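The values are calculated or read from the model by the stated rules, or taken from the named source; none is laboratory data. In this text, all values refer to a predicted model and were calculated from it rather than measured experimentally. Cβ placement follows ideal geometry from the backbone for every residue including glycine, while neighbour counts extend to all protein chains displayed. Each accessible area value is taken on the protein alone, full model and side chains, heavy atoms only, with ligands, DNA and RNA left out. Shrake-Rupley method; radii C 1.70, N 1.55, O 1.52, S 1.80 Å.
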Amino acid sequence: MSFLKLGIIGYPLTHSLSPLLHAELMRGLGLAGEYAKYELPPEQLVTRLRELEQQGLRGLNVTIPHKVAVMQEMDWLSPQAELAGAVNTIVFETQADNGGIKRRGHNTDIAGFMRSLPPQVREALPHSHLLILGAGGSARAVMTGLIEARTQAITFAVRNPAKALSITSDGQLIKTTLNSPTRLNLVALETVDDLSGFAGLINTTPVGMYPQIETCPLRPALLDSLPESGWVYDLIYRPLETQLLQQASQRNRLSLNGLDMLIYQGICAFELWSGRPVPDPLVNAVRHSLQQQLEASPSP
Ligand code: NAP
């Protein structure tokens, strides 16, 4: 394969770990290439995208604030990007017949989240009622994957239910499209007072993220009511162990941080760009590097 030109667009892009992740993947697979950061404000999205495409890029990751706006710049959307209403990966496809370039939009956050789940958690989803804290962009990706996996029920707990109503209405459309039985429900975060009916809890809010590392998105004592087999997943990876995860571990509940979701969304994107599957030993090596990097410099 020729030199692989890759990158990420977003604004701002200060704390992205993606350059390190993709450098490790290229090295591990013996591929020559580069992964550059392109910090571009929203008003430059259309023109810069055209420039980057003409510079021979194979693909781009897309992050905040462009994940929704970039959709209308695509020639094709994957079914998952359509369902989630967001694109986080672009593949520039050169056409064999006329040399033109087609932009294909994917959403690898969904597969990234699903691949990050331990097998015992994934297999139990059709019998699991899950609690998701937050209803923003990452909650939508998580919801899409969970509906596709025919999770029994999802309750969203949010600080402002009126503002978050669209997550359950969009979820209903996804359910219908996928013919999935998942029940969806929305409650105010402050009314959550018992976790005994939940198999797992997923934090998709930024509460607990660096530098507010002492904060927790819900009262720690509530974790006492989570079943002993219950698990807690925090999408945050800075710090690797948030206050929420510390509290869950102290109560012997399985606790999972956001590093694997970050790694797998990147791997899914890389597999689309390179056409090469990433073997498990390389996944482990990448995890080791990113973990070391996060431990060495906990601040972005
Ligand atoms: P987002 O679209 O801004 O959504 C954030 C959600 O959290 C919203 O529902 C927001 O509610 C809620 N929220 C914010 N502050 C809150 C508070 N103090 N109390 C209660 N709820 C609060 O952000 P996002 O893109 O989903 O990202 C959320 C987190 O996930 C970030 O920490 C991000 O780093 C992490 N993340 C990790 C990965 C990964 O690969 N591991 C991927 C994506 C995101 P309002 O609407 O009321 O503001």
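Across the stretch 135-160, what is the total count of residues that are in contact with a helix residue (DSSP H, G or I) (Cβ under 8 Å, 6 or more places away or on another chain) and not in a helix (DSSP H, G or I)?
Of the residues in that region, 10 qualify.
Any chance you could count how many residues in the stretch 253-291 are farther than 26 Å from Trp231 by Cβ and of a type in the set (Ser, Thr, Tyr)?
1
Among the numbered conditions (1) modelled with pLDDT of 95 or more; (2) within 30 Å of Pro298 (Cα to Cα); (3) open to solvent by 60 Å² or more (accessible area, probe 1.4 Å), tell me where Leu189 comes up short.
So the condition that Leu189 fails would be (3).
Please find, among Arg251, Arg276, the residue that is away from the ligand (no atom under 16 Å from the Cβ), open to solvent by 60 Å² or more (accessible area, probe 1.4 Å) and over 19 Å from Leu117 (Cα atoms).
It is Arg276.
If you go through the stretch 124-132 one residue at a time, do you hit one that is modelled with pLDDT of 95 or more, more than 13 Å from the ligand (Cβ to nearest atom) and in a loop (DSSP other than H, G, I, E, B)?
yes
Does the stretch 189-233 hold any residues that are within 22 Å of the chain's Cα centre (by Cα), assigned to a loop (DSSP other than H, G, I, E, B) and small (Gly, Ala, Ser), and which are they?
Residues satisfying the conditions are Ala199, Gly208, Gly230.
Could you please find all residues in the stretch 133-157 being of a type in the set (A, V, I, L, M, F, W, C) and within 16 Å of the ligand (Cβ to nearest atom)?
Hits for the stretch 133-157 are Leu133, Ala135, Ala139, Ala141, Val142, Met143, Leu146, Ile154, Phe156, Ala157.
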